[in-house]
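Below is one structure, written out as structure tokens, with a few remarks after it.
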Amino acid sequence: MQINLLKPFKRYAQNPIISRDDIPYPCNTVFNAAAVKFNDEYLLLLRVEDLRGYSHLTQARSKDGYNFKVDNKPWIVPSKDPAFEIYERYGVEDPRITELEGKYFITYTAFGPHGPRVGIGVTEDFEHFERLALITEVDNKDAVLFPEKINGQYVMIDRPSGFGGARGDIWIQFSPDLIHWGGAKVLLAPEPGWSPNKLGISTPPIKTPDGWLLLYHGVKTTGSGKLYRVGALLLDLEHPEKIIGYTPHFIFGPEEVYERTGDVPNVVFPCGTIAEDNGTLKMYYGAADTYIALAEAQIDELVEACKLAKSEVRPKRKFVNNK
Ligand code: BMA
């Protein structure tokens, strides 16, 4: 087998797979979708930005993973419940779905006047959605849940960015009940090179015999704005706070016109993957904050790519905003 460690993902030739023309109601853009297989169908939970610039989440379904039909109306919209309202007033964004204990948990960015924070809710049928809690304070995004308890605890990775959003480290924390979280530890920090400014986990962990496989994004601020690219990370199965390895290089970045041109140029932003039985990973990603696109890789090649740089501790970047 040819191991393509530098560029393991191949784009679907008919990308982008969803644009605003596929949304049956007026909107600005569609991007950053969570993905899951449900009832023998591929289900995407799309972030749709409305004409005011506020986001909500809408379902799309497919029999083959390539051709999707989008629902006629939004599914998750900002909550009117006083416990959530002020924190979601400006939108719900960037969902991730984890199947856990027979239910589907959805983590999302709640965005309001105080900043972004993480919300969690649950569904069993993709009809009824129950909000459970807001599980972080503000300046936190990109939360993914592990698909099983580890050492008796639920596990989540998030990105508390601190200092008014200036930091960009990925953290891991633990919970007995999915609501109360603690024991936070830093997992991965930006470093010079392709991801010097901030990181964030992109897609929920996939269990492989070698470890938990996750995709993450790295951000480099350039003279022309932010550049979002993707790397892969492998965590220890029993001790997910231990890094087995990560790709020292990005493995996927903006190249095509639909990734380089749009509301926010030069962004590829996956929020969901589907692991197929034949070892293929389908990665659904937002392109330029304007489209949904798809690329596929072999899971064993991604694991191999992570092992290129075995590392317990990634170098910590220097403080930018520190006293
Ligand atoms: C991040 C998130 C993503 C978005 C990206 C590029 O901070 O808000 O939703 O795709 O910026 O604009």
**Prompt:** What are the residues whose amide H is under 5 Å from the amide H of residue 59, where those residues sit 5 or more places off or on another chain and H is modelled from the backbone?
**Reply:** 46, 71, 75
**Asked** Under a point-charge model restricted to the Cβ atoms of Lys and Arg (+1) and Asp and Glu (-1), what is the dipole moment magnitude of the chain relative to its Cα centre, in debye to the nearest 20?
**Response** 1220
**Item:** Relative contact order (%) - criterion: Cα under 8 Å, at least six apart; region: the range 21-311
**Value:** 13
**Complete:** Over all viewing directions the Cα convex hull of the chain casts an average projected area in nm² of 16.0
**Prompt:** Going from most exposed to least, what order do 40, 158 have by accessible area with a 1.4 Å probe?
**Reply:** 40, 158
**Fill in**
Placing +1 on each Lys and Arg Cβ and -1 on each Asp and Glu Cβ in the range 191-306, then taking the dipole about the Cα centre, the residue among 303, 274, 285 whose Cα reaches farthest towards the positive end is 285
**Message:** Leaving ligands and nucleic acids out of the surface, order 128, 239, 249 by accessible area at 1.4 Å, largest first.
**Reply:** 128, 239, 249
**Prompt:** Accessible surface of residue 171 in the full protein assembly, 1.4 angstrom probe, to the nearest 10 Å²?
**Reply:** 80
**Item:** Solvent exposure ordering (accessible area, 1.4 Å, most first) of 137, 238, 191, 259
**Value:** 137, 238, 191, 259
**Item:** Part-to-part distance (alpha-carbon centres) for the range 35-61 and the range 132-173, which is given in Å
**Value:** 22
**Item:** Solvent accessible area, Å² - residue 101, 1.4 Å probe, full protein context
**Value:** 120
**Asked** Residues with amide H under 5 Å of residue 17's amide H, sequence separation 5 or more or different chain, H placed in the peptide plane at 1.01 Å from N; which?
**Response** 292, 293, 294
**Message:** Let me cross-check residue 73: its accessible surface, 1.4 Å probe, with only protein heavy atoms counted, in Å² to the nearest 10?
**Reply:** 140
**Prompt:** Can you give the direction-averaged projected area of the convex hull of the alpha-carbon atoms in the range 36-90, in nm²?
**Reply:** 4.8
**Selection from 157, 147, 197 lying farthest towards where the dipole of the range 21-311 points positive, charges on Cβ** = 197
**Request:** Would you mind getting the accessible area per residue of the chain, heavy atoms of the protein chains only, 1.4 Å probe, in Å²?
**Result:** 43
**Item:** Listed residue (97, 34, 228) projecting farthest to the positive dipole end of the range 21-311, Cβ model
**Value:** 228
**Request:** Could you sort out which of 149/242; 7/220; 69/103; 103/149 sit more than 21 Å apart by Cα distance in this structure?
**Result:** 69/103
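The values are calculated or read from the model by the stated rules, or taken from the named source; none is laboratory data. Being a predicted model, the structure only gives us computed values, none of them experimental. Glycine also receives a Cβ, built like all others from the backbone with ideal geometry; neighbour counts cover every protein chain displayed. Only protein heavy atoms, including side chains, enter the accessible area calculation; ligands, DNA and RNA are left aside. Shrake-Rupley method; radii C 1.70, N 1.55, O 1.52, S 1.80 Å.
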